[in-house]
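One structure is given here, and the rest of the page talks about it.
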4 protein chains.
Amino acid sequence: MAVTIKAGIVGGAGYAGGELLRLLLLHPNVELLFVQSRSQAGKPVYAVHPDLLGETEMLFSADVAIPVDVLFLCAGHGEAAKFLAENEISAETKIIDLSQDFRWNEHTTSDVVEAGDRSFVYGLPELQREQIQQAQHIANPGCFATGIQLALLPLAKQNLLNAEVHVSGITGSTGAGQSLSATSHFSWRTENVSTYKVMEHQHLREIKRSLLYLQAEGQPDIHFIPYRGPFARGIFITAYLQSDLSLEEAQALYKDYYKGHPFTLVTDQNPDLKQVVNTNKCVLYLQKHGNMLVITSLIDNLLKGAAGQAVQNMNLVFGLDETTGLKLKAAAF
Amino acid sequence: MAVTIKAGIVGGAGYAGGELLRLLLLHPNVELLFVQSRSQAGKPVYAVHPDLLGETEMLFSADVAIPVDVLFLCAGHGEAAKFLAENEISAETKIIDLSQDFRWNEHTTSDVVEAGDRSFVYGLPELQREQIQQAQHIANPGCFATGIQLALLPLAKQNLLNAEVHVSGITGSTGAGQSLSATSHFSWRTENVSTYKVMEHQHLREIKRSLLYLQAEGQPDIHFIPYRGPFARGIFITAYLQSDLSLEEAQALYKDYYKGHPFTLVTDQNPDLKQVVNTNKCVLYLQKHGNMLVITSLIDNLLKGAAGQAVQNMNLVFGLDETTGLKLKAAAF
Amino acid sequence: MAVTIKAGIVGGAGYAGGELLRLLLLHPNVELLFVQSRSQAGKPVYAVHPDLLGETEMLFSADVAIPVDVLFLCAGHGEAAKFLAENEISAETKIIDLSQDFRWNEHTTSDVVEAGDRSFVYGLPELQREQIQQAQHIANPGCFATGIQLALLPLAKQNLLNAEVHVSGITGSTGAGQSLSATSHFSWRTENVSTYKVMEHQHLREIKRSLLYLQAEGQPDIHFIPYRGPFARGIFITAYLQSDLSLEEAQALYKDYYKGHPFTLVTDQNPDLKQVVNTNKCVLYLQKHGNMLVITSLIDNLLKGAAGQAVQNMNLVFGLDETTGLKLKAAAF
Amino acid sequence: MAVTIKAGIVGGAGYAGGELLRLLLLHPNVELLFVQSRSQAGKPVYAVHPDLLGETEMLFSADVAIPVDVLFLCAGHGEAAKFLAENEISAETKIIDLSQDFRWNEHTTSDVVEAGDRSFVYGLPELQREQIQQAQHIANPGCFATGIQLALLPLAKQNLLNAEVHVSGITGSTGAGQSLSATSHFSWRTENVSTYKVMEHQHLREIKRSLLYLQAEGQPDIHFIPYRGPFARGIFITAYLQSDLSLEEAQALYKDYYKGHPFTLVTDQNPDLKQVVNTNKCVLYLQKHGNMLVITSLIDNLLKGAAGQAVQNMNLVFGLDETTGLKLKAAAF
């Protein structure tokens, strides 16, 4: 008998909320009961996300009164914690939060993050799928954090993350959300490149904690140059470190680590970002140059880096096949 | 009991072939038996369409020997007719051709285009769904032709296409296929605009025939300015003509015409192209300015304008729900 | 002896103000005495226009107290009139206003627009260069207005504008200025197309007045579809109308009309937008299809459509060669 | 009395040749006598570079028979050496070659590269302006090579380049020239990112030689990740290394090194690529994060990275002010 999961979204007017809507409306086991938005309450969902015209007649709701099996929080950093403090949510309701409020970080000593009566499991399926399957509350990872971790987990698992790691990564504009700013203005951003939060990106905090989870000792520094690129979707990451592994050994290690993980793929062909855009995939590519192991990692920041991974986590939490509702046609162009 | 349609693709290495692959691999009622490509025979499909990594291990085949229920021809203009002349295809096999070789045009006097033993029905479901459901062979419409016809069909149906029609339309680069040319070079095309085939676009021929099909008399000239735009996917069309209809009457007429057609939607909100990108939708928007009725029509040229419509036609031919395998997550960004 | 023109800019922090700065700092006959900006007063000019790093150490000023020979107003629509009402500007100072506040329109019966003690000449050199040379105050034309007029002036001059004119035009994002809005957000605009102010663009008002100036009788309607395109700079316009002229006659007419005008060129080769980007040129291209004369017109909206034309007007007002400081290297890519 | 330099271009139909044309036609001290192109001989220059319509009536020539003071070679890698071998060029003629044929590399032991009777000086003015001023033949540096060297020269000069250097850089599509290829196709490249020649870019060879020129001992490895970005013009480079310098010391060091160099500027504000596009500038920005010194370096690949630097070198060779003809209006958008 088919499972039906009753779901609600908090903060459905933003980019991540919109992607969740697109996914959940097509998900065969989900019945979406409400989409809350303070700014858009009362308007049809398609007035804000016009591609949903014809998909749903739902209106944004002002509140979250209807009981659901799972509540997705797309309220934004700081707002998620505030939301849970201010709203009475049934202890039965599973929560998947897309903000950084409940993610672990380098100071977290436990395997979960406690918040009042709730404890949040860090929701990276390729790191701890079993824990997610048992979890009641999930902290969905950040986008850069997802891409960088997937590039490094197999090494950490084997205690091979033993040299400084150098990372550069380029993100599309949707990574910065829909708020208007000088660096999101089209006239500025088109055909332009810049850097931000050089060496100090906040996602390094959750990355470090996850790597420590796999490799308890001897972790080296991670140096990270984040770039803003002139495109809307996707993250392209390159990481390298000194390694004694041959290319073949490294490929075997990565393919073995990700064997049972349907969305993370190791390619033998120099990849480009658009092969993951509008999918929940992470594509990894390995090169060896001298003693440097170079790992390329690509994701769609709004899917594997946000809403897609949230649905993947929901599938795991509710015992569904991990890929349900996530077999997406790539945009390709 | 679930239907399973055995399908093959001829010319699977190009843009339309790639989109067909993406759709058919996810289609619940299709078993894809081969993907032929002269230029890529023997290579894995994902070597050419790298977003299909992990989706299939199929190789491009050199020939089309395996019997199938439906054969999609993505061979290109002129090549489709040549292919059918040179290959023995079972009379049982249904054929959906994406080239212009078997489309009707202003000189066609019959309702079908005869080609040897075969007769091809023009495959625009919003024009003649019943004929398609009965058809053995389908000539899939052109991309601009689809967008412009959907903007005009309701008027023709009521014999209201009685004034000169002025059309401008902007197409993305995938409309020109994957062959390399000066106008497909990124350095040239990015941030650039140009026109081509002004007043003489070949799609006018099939458009005229379809309009004549609905409105036998008094058809006015259609003036068409096609633009090349600096983007990859989609067609944005604006058509206008003098009309006595009020805005409300026109909206009622269009909504009524497209009532049973799941992919063609009339919006009340000024639309933008990306709301149809990576979907099989056509979105129409009506305005009235003075005595001018202005119709905006948006499609994704590779989906509703090519591979998506081909699958829609397949669904109709095989008695499936028209939307099967075509409920796609919009790219949105 | 070299002329030195003392100049000031009001509203120097916006797009048009920035372009004026770029031009005036390189102009051999201009000494720029101040650049006023309410929002940025006290900051270095290069803090707002970072490409000017190394070009000038000027700071934005809060006021306009220093006497100058010419004052450029880039204050914005409505703000220019307010500025002149609130500030005491010497009667000696020539004024070139880039807003629409002092442009003529279809209701203007005089050849100039009176505003208090000042009378403004419409500053399109290809329309009335002699009047500009004698003018004290100039109303600089709008960007779409410039491109459309240059496409039609030669016909009006010969009383040949005697059939309905159909215009479509695509503008880059800088045409909408630097204010942040949903349609200027990169995530939205990249790879996107939309229309706005369909049939009702405000520039039609000044266009009609200019055409009437040349052709007193029998002017037909102009129907105009403005598109927003996914690029930053430039306007691409296509206009067509029924005409008895042969292509050769039309080409001769246009080449003759623009003979002495250094920036407006008639090409024999199908053009693309980027050949005028970062120049003060207008490129025109003529085609004849059946009885339709099709005119393509390209400009850079910030140069020939704004700041470049303002400098061209300054050159004329001060008796300099029209091209002084305007021989610009095209960006080309 | 004004100098007039008689100039010729070999290979004027490509991207670098086109930029040289744009610059030389506006240069106050240059008379351009011919522009040779094998593929386009006989055609007007503006037929290939349409932005030059109205700038010149020159035709591409098949040969290079006319004596000139300076000959620019834009023939391409390998073709420049072949050209000089096959053509009799007067010993009086100064040669500026834009290919890599005569650039020094890590194996060069002399300060010049000998080629038959000629000896080529490496043409990076910020490295050896005096030698360029005395040179007869110049090997113009590569684009990435220029940007990376300008990021590192001040450190090498002080023997402070004593830790491994980590470089990532993103290049626009014009860096790959105008030949058609899969990665230059608009449909592929728009909104896309990829890497190429990871750790093995050929420009590392000339970079190493230059650094050795300044710092004879103890040079560390340079690790370089080159990215292809979805834009046409420009290179954005980030380099970092461990350094004991404080931020203030590093800024002082860089400002001091580049004091007399008009095109290389040190900014105090986080920069973006477009502030150098369509200029001959290099903008440098320094940050200190922990013990890492991070240097950002921006150039326009076709100007400071190719044709602009070639003109800068010509100015030096002929005793002109270095900036003559190179004070360009930035595109800015």
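In this structure, the amide hydrogen of C:Gly76, modeled 1.01 Å from its nitrogen in the peptide plane, lies closer than 5 angstrom to those of C:Ser99, counting only residues at least 5 positions away or on a different chain. Between 0 and 90 degrees, the angle of helix D:203-214 with respect to the longest Cα principal axis of chain D falls at about 70 degrees.
At an R0 of 35 angstrom, the distance between the Cβ atoms of A:Asn162 and B:Thr56 translates into a FRET efficiency of 0.40.
One equal scatterer on each Cα of the protein assembly as shown, no solvent, Debye formula: the resulting log10 I(q)/I(0) at q = 0.06 Å⁻¹ is -0.56.
Around the amide H of A:Lys6, modelled in the peptide plane, lie the amide H atoms of A:Glu31, A:Asp69, A:Val70, all under 5 Å away and 5 or more residues distant in sequence or on another chain. Taking Cα atoms only, the orientation of helix C:143-157 departs from the longest principal axis of chain C by about 50 degrees. Charge dipole of segment C:143-299 (Cα centre as origin; +1 on each Lys and Arg Cβ, -1 on each Asp and Glu Cβ, all else neutral): 540 debye, rounded to the nearest 20. Counted by neighbouring Cβ atoms within 10 Å, the residues C:Tyr196, D:Tyr258, B:Tyr240 run from fewest to most as C:Tyr196, D:Tyr258, B:Tyr240.
Taking every residue in D:166-172 and counting other chain Cβ atoms within 10 Å of its Cβ, the average works out to 5. With N the number of residues in segment B:11-117, Rg(Cα) / (2.2 N^0.38 Å) evaluates to 1.13. Between the amide H of B:Ala115 and those of B:Phe120, distances stay under 5 Å, these residues lying 5 or more places away or on another chain, with hydrogens modeled in the peptide plane. Taking the fewest neighbouring Cβ atoms within 10 Å as the starting point, the ordered list for A:Thr195, D:Thr174 is A:Thr195, D:Thr174. The GluC sites (Glu not before Pro) of segment A:13-77 meeting both criteria, a DSSP state outside H, G, I, E and B (loop) and at most 14 other C-beta atoms within 10 angstrom of the site's C-beta, are A:Glu57. Counts of other chain beta carbons within 10 angstrom of each beta carbon in peptide D:217-229 average 3.
Sparsely packed loop sites in segment C:206-298 (the GluC sites (Glu not before Pro) outside DSSP H, G, I, E and B with at most 13 other Cβ atoms within 10 Å) comprise C:Glu217.
Expressed in units of 2.2 N^0.38 Å, where N is the residue count, the Cα radius of gyration of segment D:123-164 is 1.30. Extension gain, C:Glu106 to C:Asp256: 0.36 nm times the residue separation minus the Cα-Cα distance gives 51.3 nm. Over chain A, DSSP H runs of length four or greater, each weighted -39,500 (n - 2.57), average out per residue to a 222 nm ellipticity of -7500 deg cm²/dmol.
Counting Cβ atoms of other protein chains within 10 Å of each Cβ in C:299-309 and taking the mean gives 1. Placing a label point 7 Å from the Cα of A:Thr56 along the Cα-to-Cβ direction, the distances to the matching points in the other copies come to 3.1, 5.2, 6.0 nm, shortest first. When each of the peptides A:294-306, C:175-187, B:5-17, D:82-94 is scored by the mean number of other C-beta atoms lying within 10 Å of its residues, the order from highest to lowest reads A:294-306, B:5-17, C:175-187, D:82-94. Placing +1 on the Cβ of every Lys and Arg and -1 on the Cβ of every Asp and Glu, with no other charges, gives the protein assembly as shown a dipole of roughly 0 debye about its Cα centre. Taking label points 7 Å from Cα along the Cα-to-Cβ direction, A:Lys6 and D:Ser181 give a separation of 5.8 nm.
Which whole number in µm²/s is D for chain D by Stokes-Einstein, with the Kirkwood Rh taken over Cα pairs at 37 °C and 0.692 mPa s? In µm²/s, the coefficient is 162. Seen from D:Pro67, the other residues with C-beta closer than 10 Å to its C-beta sum to a net charge of -1, counting Lys and Arg as +1 and Asp and Glu as -1. For the cross-link pairs A:Lys288/D:Lys281; A:Lys304/B:Lys259; B:Lys82/B:Lys304, which exceed 31 Å when the distance is taken from alpha carbon to alpha carbon? Over 31 Å apart, Cα to Cα: A:Lys288/D:Lys281; A:Lys304/B:Lys259. Put in order of Cβ neighbour count within 10 Å, fewest first, the listed residues A:Val193, C:Val35, B:Val3 become B:Val3, A:Val193, C:Val35. For segment D:170-279, the relative contact order is 36 percent, taking Cα pairs closer than 8 Å that sit 6 or more residues apart in sequence and dividing their mean separation by the residue count. Annotation: the antiparallel percentage among DSSP beta bridges lying fully within chain D is about 45.
Taking Cα atoms only, the orientation of helix A:125-134 departs from the longest principal axis of chain A by about 40 degrees.
Show log10 I(q)/I(0) for segment B:143-299 at q = 0.12 Å⁻¹, two decimals, from a solvent-free Debye sum over equal Cα scatterers. The Debye formula, applied to the Cα set alone, gives -0.51. Each label was represented as a point 7 Å from its Cα along the Cα-to-Cβ direction; for D:Lys82 and D:Ala47 these points are 2.4 nm apart. Taking only C-alpha pairs under 8 Å that are 6+ residues apart, what is the relative contact order of chain B in percent? About 18 percent, as a whole number. For D:Leu247, the label point sits 7 Å beyond Cα toward Cβ; its separations from the matching points on the remaining copies run 4.1, 5.5, 6.3 nm, from shortest to longest. Here the calculated FRET efficiency for A:Arg38 and D:His289, from their Cβ-Cβ distance with R0 = 41 Å, stands at 0.65, rounded to the nearest 0.05. Expressed to the nearest 5 percent, the antiparallel share of DSSP beta bridges inside the protein assembly as shown is 45 percent. Each copy carries B:Gln134; placing its label point 7 Å along the C-beta direction from Cα gives inter-copy distances of 6.4, 7.7, 9.3 nm, listed from smallest up. Around A:Leu302, what is the net charge, scoring Lys/Arg as +1 and Asp/Glu as -1 over all other residues with Cβ under 10 Å from its Cβ? Here the charged neighbours net out to +1.
Laboratory data are not the source of any read-out in this text; all were calculated from the coordinates shown. As the structure is a computational prediction, the values presented were derived from the model and not from experiment. Virtual Cβ from ideal backbone geometry, glycine too; neighbours counted across all protein chains shown.
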